[in-house]
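Undergrad: Following this message is one structure expressed as structure tokens.
The values are calculated or read from the model by the stated rules, or taken from the named source; none is laboratory data. Since we're looking at a predicted model, the values are computed, not measured. Virtual Cβ from ideal backbone geometry, glycine too; neighbours counted across all protein chains shown. To get the accessible areas, we keep the full protein, side chains included, count just its heavy atoms, and leave off ligands, DNA and RNA. Shrake-Rupley method; radii C 1.70, N 1.55, O 1.52, S 1.80 Å.
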Amino acid sequence: FVTGIFHLKVPESSHVGSAIGRIRAVDPDFGKNAEIEYNIVPGDGGNLFDITTDENTQEGVIKLKKPLDFETKKAYTFKVEASNLHLDHRFHSVGPFKDTATVKINVLDMDEPPVFSKPMYTMEVYEDTPVGTIIGAVTAQDLDAGSSSVRYFIDWKNDVDSYFTIDATEGTIATNELLDRESTAQYNFSIIASKVSNPLLTSKVNVIINVLDVNEFPPEISVPYETSVCENAKPGQVIQTVTAADKDLSPAGQRFSFRLSPEASNKPNFTVHDYRNNTAGIETRRNGYSRRQQELYFLPVVIEDSSYPVQSSTNTMTIRVCRCDSDGTILSCNVEAIFLPVGLSTGALIAILLCIVILLVIVVLYVALRRQKKKDTLMTSKEDIRDNVIHYDDEGGGEEDTQAFDIGALRNPKAIEDNKIRRDIKPDTLRFPRQRPPVEDNTDIRDFINQRLQENDVDPTAPPYDSLATYAYEGNGSVAESLSSIDSLTTEADQDYDYLSDWGPRFKILADMFGEEES
């Protein structure tokens, strides 16, 4: 070595693995014989450093193996040995071919960020804790010689909901909102500490807060809430096994207990057997049940948990009495089956109901047909119009509404030409004044009626206007002309029926009949 002691100054903020200084040993040889190997002699302070050889300059490069802390130790002293890497055995007797030097390293104090007392903080808080309750604190110190004050704040990038707050000076953490373990069971965020003298120097620590469950919900019976029992059940028979459910996040080892409510304990119908494994059985206490006497039973069951504070609830189970076979298989639980005789099956019940429905349909059809027959008979009697006879319900006035029928075509045009005055309608031009003789006070009623009847018979303006000549003649285009007896001959002997033979085959029988009479 050129000198026996090397002095190095190293900042405490130096990174592990970085080169903090160089030392050099001189070898007058050349080539491989000039290659030097450096080693740190074990001793005080040597375990924080390491040394390697620079192949180009044959210098010893000292590197940092562990971080330095001025506040912990300010100086380190150790020895370094330099020796030939390639030793010729022929010259062993000449000398040791190595040298030793002392290295002294002084640690320089640097302005460092605060240091937390723990690498991570874990805290616990009960749910529904009032806002502002302090649940814990973090501590950070400035280890520099100046010992600056420290300020704390939450890294909001990881805690966007801001459920917690921290005191900037003391480092105490408090709740900022009501916590619900059923929603969020754990919060994880970071606390940052900075030096007041240099706010840019900061350090960060992770904080985990576990939310403890508060027993706020009572346990309840898991489904089903309804079960059944056979009419032929025996005492002590288990008809249903029930379990419990709790909306709280139950801790490990949570236990539920089952029992009957006090008001049901004295009734000799059913009981609850707690199996001590968070289940219970509903057992019968009677020898048989009757649907005719009681179809439904309501059993109040009390369930209690083991958390603090203890929560309990009363759950009512519905037990329906059913008809079963000898093996306990349920045959019927319907309400209608209660009123059926023993042994009557469902198929027989359906057949009976079907027969009743068919009988009702037959009766309804029979009644409907009777009513329809009566209605048809009545309408037939009312609508049986013969010889164009029109029925009127009002008195007097004649047959004014026959104007709806065009009966003029039935009249003989010749008769219309001869008689200018029509009898089928009320004349408009003729207005004969009626001359009514004075009526004496003592005139007989019959004479009075006859007198009025004679006046109306000779009065052309009085109704009716349609019955005299309406059906007297055939139509204008008839080959037989009029068949009315008005224009017929006075005696049958004067009548000639030979013309019937000229009317064609349709009148052949009629012609034969009248021809035989003549012969």
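Undergrad: Once the piece of chain linking Glu35 and Thr169 is laid out straight, how much longer is it, given 0.36 nm per residue of separation minus the C-alpha distance between them?
TA: Answer, rounded to one decimal: 42.3 nm.
Undergrad: Rounded to two decimal places and with Rh computed the Kirkwood way over Cα pairs, what is Rg over Rh for segment 221-332?
TA: Numbers: Rg = 15.2 Å, Rh = 14.9 Å.
Checking Rg against Rh, the ratio lands at 1.02.
Undergrad: Expected output is a single nm value to one decimal: the length gained when fully extending between Thr52 and Ala245, i.e. 0.36 nm times separation in residues minus the C-alpha distance. What is it? Could the numbers behind the result be given before it?
TA: Details: separation 193, 0.36 × 193 = 69.48 nm, distance 6.88 nm.
Additional length available on full extension: 62.6 nm.
Undergrad: Another one. Can you figure out the FRET efficiency of Asp447 with Tyr499, using R₀ = 56 Å and their beta-carbon distance, to the nearest 0.05?
TA: Values: r = 52 Å, r/R0 = 0.93.
Between Asp447 and Tyr499 the formula returns 0.60.
Undergrad: What number comes out for accessible area per residue over segment 115-212 if the probe is 1.4 Å? Units Å², please. Spell out each step's value before the answer.
TA: Values: 5200 Å² over 98 residues.
Spelled out: the 1.4 Å probe surface of segment 115-212, per residue, equals 53 Å².
Undergrad: Sticking with this structure for a sec: In whole angstrom, and with the biggest value first, how far do the Cα coordinates of segment 5-108 range along each principal axis?
TA: 52, 25, 18
Undergrad: How many Å³ per residue does the convex hull of the Cα positions in segment 115-212 occupy?
TA: Numbers: hull volume 7.7 nm³, N = 98.
It comes to 79 Å³ per residue, whole-number rounded.
Undergrad: Now, a different point. Under a point spin-label approximation (7 Å from Cα along Cα-to-Cβ), what is the Glu263-Ser149 distance to one decimal in nm?
TA: Taking the simple label geometry, Glu263 and Ser149 are separated by 6.7 nm.
Undergrad: Gln454 to Leu178: extension gain in nm, 0.36 nm per residue of separation minus the Cα-Cα distance? Write out the running numbers ahead of the final one.
TA: Numbers: separation 276, 0.36 × 276 = 99.36 nm, distance 11.73 nm.
Stretched out fully, the Gln454 to Leu178 stretch lengthens by 87.6 nm.
Undergrad: Summing Lys, Arg as +1 and Asp, Glu as -1, what charge do residues with Cβ under 11 Å from the Cβ of Leu296 carry, Leu296 excluded?
TA: On the way: positive: Arg291, Arg320; negative: Glu226, Glu295.
Neighbourhood net charge equals 0.
Undergrad: What order do you get for 22-33, 360-371 when each peptide is scored by the mean count of other beta carbon atoms within 10 Å, highest first?
TA: Values: 22-33: 13.1, 360-371: 10.0.
Highest mean packing first, the order is 22-33, 360-371.
Undergrad: Please calculate the 1.4 Å probe accessible area of Glu35, with all protein chains present, and give it to the nearest 10 Å².
TA: Glu35 has an accessible surface of roughly 60 Å² with all protein chains in place.
Undergrad: What order do you get for 104-116, 254-266, 320-332 when each peptide is scored by the mean count of other beta carbon atoms within 10 Å, highest first? Please report the intermediate quantities before stating the final value.
TA: Working: 104-116: 17.3, 254-266: 15.2, 320-332: 13.6.
Going from most to least packed, we get 104-116, 254-266, 320-332.
Undergrad: Considering all alpha-carbon pairs of segment 266-320, what whole percent are spaced by more than 19 angstrom?
TA: Values: 572 of 1485 pairs.
For segment 266-320, the share of Cα pairs beyond 19 Å comes to 39 percent.
Undergrad: Using the structure shown, select from Lys157/Lys195; Lys118/Lys157; Lys66/Lys104; Lys66/Lys118; Lys65/Lys195; Lys63/Lys195 the pairs with a Cα to Cα distance greater than 25 angstrom. Each step should come with its number before you reach the end.
TA: Working: Lys157/Lys195 21 Å; Lys118/Lys157 22 Å; Lys66/Lys104 17 Å; Lys66/Lys118 20 Å; Lys65/Lys195 28 Å; Lys63/Lys195 30 Å.
Distance filter (> 25 Å) returns Lys65/Lys195; Lys63/Lys195.
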